[in-house]
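The values are calculated or read from the model by the stated rules, or taken from the named source; none is laboratory data. Keep in mind that this is a model prediction, so the values were computed, not measured. No Cβ is skipped: glycine too gets one built from the backbone with ideal geometry, and neighbour counts run over all protein chains shown.
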Amino acid sequence: MDRIAITGGARLQGEIPISGAKNSAIKLMAASLLTEEALRLTNMPRLADTRFLGKLLQRLGTEVVESVGEDGPETLLRTPEITSGFASYDLVRQMRASFNVLGPLLARTGQAKVSLPGGCTIGARPVDLHLKALEALGARIDLHEGYVYAQAPRGLKGAAIDFPFASVGATEHAMLAAVLAQGETLLTNSACEPEMIDLADCLNAMGAKVSGAGTSTIRIQGVSRLHGATHAVMPDRIETGTYALAAAMAGGEVRLTRTRTDFIQAMIDKMVEAGVEVIPHNDGLTVRRNGALLKAVEFETAVYPGFPTDLQAPFMALMTLADGESVIRETIFENRLMHAPELRRLGADIIVQGGEARVRGVASLEGAQVMATDLRASVCLVIAGLAARGETMVNRVYHLDRGFERLEEKLAACGAQIRRIKGDGEGEED
């Protein structure tokens, strides 16, 4: 299993180009199932998750071709025929977002058999909202032995769907299914994340009629078929925020390019409050901290445009060196504070009670062996290691490879002392 070693203390100086958004790319890839024509996605991130979903789509009948175009990595997906409507447990369990092939399969062929996601028991991080949305569109849903059996032999029909809370996954899934439904679908209390706009823009380029994406009310007028299109994946706002925090943690000056600041304004506001200089420009932002003392801040995670839950862990790493006590409340996911004990191994002073963490700043962190518990926790530990004295060894970095493209290369190009230590090829899966 690979590990990442970081020798802390090096200030960062340079430029980091931001990749396409993982959370958007995997839903855009699923959209390719909705048409027999080719969907060309540019600005594609090359990640463990996108590679895995590509393999799953190939099992369903999709031709997947990766290449490098004028604007960087791109992927061509073409599904002339759905050759299988079956997504097995062995495939779906490895990545939760792969469950979103259910809606497109159902919309195009009228039937599908898809495993429930790995670790999901229709409880924590439930998929019941996904299934209720599909049922509202006229699908018959049966659960048996861990699989979803879905049928709509006469096609899906438009419906009014009011989500009990703004679920990103359920909103995206309903959009993917409703574009080929007969009549109009109205989604209320929808998620407003920028990824909703990116998915809607791609679907509209394919001939769909989606309006209101990015607001709480999305209107979809079903069409009989979609066609091929070319679409550029939006910049990864979580990667943007992560590298911004890395620069603030290590000190120095880093320019982040090929991205946007408005996607992470809530986090930028907290960085500025903490004493970090953030300068927006036309294609991204510059983060600068040259010896300024970090100040403790208080925040809680929230749905967009609030503070992103995916940036809570790396921001906590920054607060370990802040003057005073920071209060961080996680309101989106339970068990999203499991990185706190690993930060304590580096010398951080953190007390966790329920969904709240109190972080008392310390004078310095000390390198140690730490273990990643999930994707965002893994990069949080890398960020902490950039400022820790001595060497920090981050284990189980297969988590990190799911969501960050060439992380060591990007940080090393700015002066970080970071290297990957290759393992024996054996490891755990999510």
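Criterion applied to P104, P80 was being surrounded by fewer than 20 Cβ atoms within 10 Å (Cβ to Cβ) and either in contact with a strand residue (DSSP E or B) (Cβ under 9 Å, 6 or more places away or on another chain) or in contact (Cβ under 8 Å) with a residue 24 or more places away in the chain (or both), and the one residue passing it is P80. Listed by position, the strands (runs of 3 or more DSSP E) contained in region 157-232 that have at least 2 residues being hydroxyl-bearing (S, T, Y) and at pLDDT 95 or above are 184-188. Under the condition of being surrounded by 24 or more Cβ atoms within 10 Å (Cβ to Cβ) and in contact with a Lys or Arg (Cβ under 6 Å, 6 or more places away or on another chain), the residues counted in region 398-423 number 1. With respect to the conditions (1) under 30 Å from T261 (Cβ atoms); (2) out of contact with any helix residue (DSSP H, G or I) (no Cβ under 8 Å at 6 or more places or on another chain), K113 lacks only one, and its number is (1). Checking each residue in region 314-329 for being in a strand (DSSP E or B) and closer than 18 Å to L365 by Cα picks out D323, E325, S326. Of all the listed residues (D49, D71, D90), the sole one being buried (at least 20 other Cβ atoms within 10 Å of the Cβ), of a type in the set (D, E) and over 24 Å from G138 (Cβ atoms) is D49. Taking region 213-229 as the range and being without any contact (Cβ under 8 Å) to a residue 40 or more places away in the chain and under 22 Å from the mean Cα position of the chain (by Cα) as the test, the residues that pass are A213, G214, T215. Please go through region 249-296 and pick out each residue that is small (G, A, S), assigned to a helix (DSSP H, G or I) and in contact with a Lys or Arg (Cβ under 9 Å, 6 or more places away or on another chain). Of everything in region 249-296, just one residue is small (G, A, S), assigned to a helix (DSSP H, G or I) and in contact with a Lys or Arg (Cβ under 9 Å, 6 or more places away or on another chain), namely A250. Anything in region 29-52 that is in contact (Cβ under 8 Å) with a residue 60 or more places away in the chain, among the charged types (D, E, K, R) and assigned to a helix (DSSP H, G or I)? List them, or say none. Once the filter is applied, which keeps residues that are in contact (Cβ under 8 Å) with a residue 60 or more places away in the chain, among the charged types (D, E, K, R) and assigned to a helix (DSSP H, G or I), region 29-52 yields only D49. Against the numbered list (1) touching an Asp or Glu at 6+ places or on another chain (Cβ under 7 Å); (2) farther than 18 Å from S326 by Cβ, R336 comes up short only at (2). L28 falls short of the stated requirement of being out of contact with any Asp or Glu (no Cβ under 9 Å at 6 or more places or on another chain) and under 24 Å from L156 (Cα atoms). Filtered by the rule that a residue be surrounded by fewer than 19 Cβ atoms within 10 Å (Cβ to Cβ) and in contact (Cβ under 8 Å) with a residue 40 or more places away in the chain, region 337-359 gives a lone residue, G347. A residue that is over 27 Å from K157 (Cβ atoms), free of Cβ contacts under 8 Å to residues at least 40 places away in the same chain and not assigned by TED's automatic domain parsing to the domain that holds H130 occurs nowhere in region 244-256. Annotation: A232 fulfils all but one of (1) farther than 30 Å from A317 by Cα; (2) crowded, with 24+ Cβ neighbours inside 10 Å; (3) under 18 Å from the mean Cα position of the chain (by Cα); the unmet one is (2). When A317, A363, A357 are checked against the criterion of being under 24 Å from the mean Cα position of the chain (by Cα), among the small types (G, A, S), under 19 Å from G390 (Cα atoms) and modelled with pLDDT of 95 or more, A317 stands alone in meeting it. Restrict the check to region 230-248 and report whether at least one residue is in contact with a Lys or Arg (Cβ under 6 Å, 6 or more places away or on another chain), more than 30 Å from E405 (Cα to Cα) and of a type outside the set (K, R). The answer is no, given that none of the residues of region 230-248 is in contact with a Lys or Arg (Cβ under 6 Å, 6 or more places away or on another chain), more than 30 Å from E405 (Cα to Cα) and of a type outside the set (K, R).
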